[in-house]
Amino acid sequence: MNVAPLIFLAAFFGLSCSWFGFVLTPQIQVGSLQQTNTIPLGAVYPVQRPGMAREGLAVYRANGCEYCHSQQVGQTGTLCDVMLTEPGTNQQAVLLALRKLRPSLSEGEDKELLASLPKPVRQGVSKAVADTAVKTLTDSGAKASTWVVPVGPDIARGWGNRRTVAEDFLFDYPAMPGSQRVGPDLASVGVRLADPKWHLLHLYAPRAVVKDSIMPPYRFLFEKRRIERGPSPDALSLPAELAPETGYEIVPRTDALALVAYLMSLRANEPLFSTPLTVATANPTTDTNAPAGGTNAPPAK
Amino acid sequence: MSVELTQQVPLESAQPQARRKAVPIWMFILLFLMLYWGMVYFDQRSGWFNEQVYAPYHSLEELTSYQPVNDAAGVLIKGKQLFHDNCAVCHMDGGTGNPANGCPPLVGSEWVAAKGPGRIIRLVSKGGQGEIEVAGKTYNGTMLAIGDQMPGDEDKKSESIAAIITYVRDTFGNKASAVSAQKVKAVRAEIKDRNTNYSPLELKNFPED
């Protein structure tokens, strides 16, 4: 009996199944990904990285940074806070509602809470519980809203506000989400460590800034130069044991500056439709140049 | 005698031969159990392969339920941002317009603070061209079809346009009502095939609300 066609068909079926699963489906899913808007500000996200940062991407790749650093923050769940924003006119009813939601609140404390709004009433509860609490509060005449808080080990470490999504890599080629975490995640390192001088020093001598770092120093990205007329503004301010002899200075080469520009541009922290997140907008009506997104401090535990 | 002997003992054993054999029934059962498990797995975790749905969310409905409630303040913030990005080039951040370029002001404009948003939705969606009289003065300029150029699908466009118009109708000393995305979508559905600018005279044919 000739079974060759059967074997061929079975192999073809098996291979085409994996092609559908690993090539076609992802292509349909994210192949035509476009810029989106942050919510609720409606700013376009993501924007193309600046030119220097795009060169830095090549340096990041050439030095194999992605073998030790991931750029993907995980999220295991989403919890809600109930935020009381305005007490309304009927204080007695609001106090009653407050006591219903938090029986442990003493008489003095609840008045204090009402005096210093906005304040969270419940924290870290599920969506359904939060919505019920908001309804209880709004029924009493107060104004309350549900705040969405992504949670997970990575977020608790302060590596980002939210999980990483495909849009974060929209302008990167190749995208380097990384898989190993020998070092910390870099998805929003530009927000967390926003000082380029810190990064330059860290690249030159990691253990000078992070005591227990196991990162290798990248000294070939820097050069030692004789100080001619005056010290360069880019020169590293090194601790005494690392500083070069007098009359010389350590300055970053273009590659180091590009790499740091790329690190500065890693800011995957904006709230998007696919990763809802409530950010504190202190006063929506005031004009401010401060970047949207509030603080990057890890949520208080 | 010898003939019988040769018949009983073959000279060599026969060639092995592949034969059809029925597939055991447990294999079918296992196959269907695995298929069932796969379907349940997809149903619970795939989010129907929607590109917006990532873990820990399971479906678009769940994800939508987590979206911040589009309260008045949120819409105004969004509108302000969009106005700054798209409109302020000509109309200026303060809504004073740029008479030198034929761009009318939004401050004290009867077009903006109209009873309803019927005309301004059309104007923002498709742009405008021609002489327009605003607050007693005549301007002659061209407005781009900002609304059609908003990113995203029709729903997102409508939301953005609604935010811009709500913002414009609420600031610059105007105190007109907010505009819902549904209203914008309904008006835009009527004019979806149009791809030329409106002239102000033409706009006057449409009801204000």
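The values are calculated or read from the model by the stated rules, or taken from the named source; none is laboratory data. Note that the structure is a prediction, hence the values are computed from the model and not measured. All Cβ positions, glycine included, derive from the backbone under ideal geometry; neighbour counts span all protein chains shown.
If we keep just the residues of the stretch A:59-112 that are of a type in the set (Ser, Thr, Tyr) and under 34 Å from the mean Cα position of the chain (by Cα), which is farthest from A:Asp168 (Cα to Cα)? Walk me through how you get there before you give the answer.
Step one: of the stretch A:59-112, the residues of a type in the set (Ser, Thr, Tyr) are A:60, A:67, A:70, A:76, A:78, A:85, A:89, A:104, A:106.
When the remaining residues are screened for being under 34 Å from the mean Cα position of the chain (by Cα), the result is A:60, A:67, A:70, A:76, A:78, A:85.
On the way: A:Tyr60: 17, A:Tyr67: 19, A:Ser70: 13, A:Thr76: 19, A:Thr78: 20, A:Thr85: 32 Å.
Among residues in the stretch A:59-112 that are of a type in the set (Ser, Thr, Tyr) and under 34 Å from the mean Cα position of the chain (by Cα), the one farthest from A:Asp168 (Cα to Cα) is A:Thr85.
Tally time: how many residues in the stretch A:15-59 are aromatic (Phe, Trp, Tyr) and not in a helix (DSSP H, G or I)?
The initial filter retains those residues of the stretch A:15-59 that are aromatic (Phe, Trp, Tyr), namely A:19-20, A:22, A:45.
Still in the list and also not in a helix (DSSP H, G or I): A:45.
Within the stretch A:15-59, residues that are aromatic (Phe, Trp, Tyr) and not in a helix (DSSP H, G or I) number 1.
Hand me the list of helices (runs of 4 or more DSSP H) wholly inside the stretch B:154-203 holding 3 or more residues that are within 18 Å of B:His91 (Cα to Cα). Steps first, please.
Details: elements: B:154-170, B:181-190, B:200-203.
Ranges flagged: B:154-170.
May I ask you to list pairs of residues, at least six apart or on different chains, whose Cβ atoms are under 7 Å apart, with the first in the stretch B:82-105 being within 14 Å of chain A (Cβ to nearest Cβ) and the second being among the polar types (S, T, N, Q)?
Hits for this filter: B:Leu82/B:Ser160.
So A:Met1 ticks every box in (1) more than 10 Å from every other protein chain (Cβ to nearest Cβ); (2) more than 22 Å from B:Trp48 (Cβ to Cβ); (3) without any contact (Cβ under 8 Å) to a residue 12 or more places away in the chain but one. Which box is left unticked?
Going through the list (1) more than 10 Å from every other protein chain (Cβ to nearest Cβ); (2) more than 22 Å from B:Trp48 (Cβ to Cβ); (3) without any contact (Cβ under 8 Å) to a residue 12 or more places away in the chain, A:Met1 breaks only (1).
Can you find, within the stretch A:228-247, the residue that is farthest from A:Val260 (Cα to Cα) among those that are over 30 Å from the mean Cα position of the chain (by Cα) and surrounded by 14 or more Cβ atoms within 10 Å (Cβ to Cβ)? Steps first, answer last, please.
So the first thing to find is which residues in the stretch A:228-247 are over 30 Å from the mean Cα position of the chain (by Cα), and the list is A:228-233, A:239-247.
In the following step, the residues that additionally are surrounded by 14 or more Cβ atoms within 10 Å (Cβ to Cβ) were identified as A:232, A:242, A:244.
On the way: A:Ser232: 18, A:Leu242: 21, A:Pro244: 22 Å.
For the stretch A:228-247, the residue satisfying everything is A:Pro244.
What's the number of the only condition in (1) outside the structural domain of A:Ala175 (by TED's automatic domain parsing); (2) closer than 23 Å to A:Val149 by Cβ that A:Leu96 fails to meet?
Checking A:Leu96 against (1) outside the structural domain of A:Ala175 (by TED's automatic domain parsing); (2) closer than 23 Å to A:Val149 by Cβ, the one that fails is (2).
Starting from the stretch A:195-217, keep only residues that are surrounded by 14 or more Cβ atoms within 10 Å (Cβ to Cβ), then list their pairs with residues that are of a type in the set (Asp, Glu) whose Cβ atoms are within a distance under 7 Å, requiring at least 6 positions of separation or different chains.
Between residues of the stretch A:195-217 that are surrounded by 14 or more Cβ atoms within 10 Å (Cβ to Cβ) and residues that are of a type in the set (Asp, Glu), there is no close pair.
Quickly run through the stretch B:21-70 and pick out the residues that are more than 13 Å from chain A (Cβ to nearest Cβ) and closer than 28 Å to A:Val279 by Cα.
Scanning the stretch B:21-70 gives a single hit, B:Arg45.
Has the stretch B:89-111 got any residue that is surrounded by 15 or more Cβ atoms within 10 Å (Cβ to Cβ) and within 19 Å of B:Ile191 (Cβ to Cβ)? Can you show your working first?
Keep residues of the stretch B:89-111 that are surrounded by 15 or more Cβ atoms within 10 Å (Cβ to Cβ), which gives B:90-92, B:95, B:97-98, B:102-107, B:109, B:111.
Now restrict to residues that are within 19 Å of B:Ile191 (Cβ to Cβ): B:111.
Yes: the stretch B:89-111 contains one or more residues that are surrounded by 15 or more Cβ atoms within 10 Å (Cβ to Cβ) and within 19 Å of B:Ile191 (Cβ to Cβ).
Show the residue pairs meeting these rules: Cβ distance below 9 Å; 6+ apart or different chains; first residue within the stretch B:48-66 and acidic (Asp, Glu); second residue in a helix (DSSP H, G or I).
B:Glu51/A:Ile28; B:Glu51/A:Gln29; B:Glu51/A:Val30; B:Glu51/A:Ala166; B:Glu62/A:Lys127; B:Glu62/B:Gly47
Is there a residue being within 14 Å of chain B (Cβ to nearest Cβ), over 30 Å from A:Thr275 (Cα atoms) and not in a helix (DSSP H, G or I) anywhere in the stretch A:4-14?
No; the residues of the stretch A:4-14 include none that is within 14 Å of chain B (Cβ to nearest Cβ), over 30 Å from A:Thr275 (Cα atoms) and not in a helix (DSSP H, G or I).
Report, ordered by the first and then the second residue, all pairs with beta carbons closer than 8 Å, sequence separation of six or more or different chains, a first member in the stretch A:145-166 that is more than 22 Å from A:Tyr45 (Cα to Cα), and a second member that is at pLDDT below 95 and assigned to a helix (DSSP H, G or I).
The qualifying pairs are A:Ser145/A:Val134; A:Thr146/A:Lys127; A:Thr146/A:Ala130; A:Thr146/A:Asp131; A:Thr146/A:Val134.
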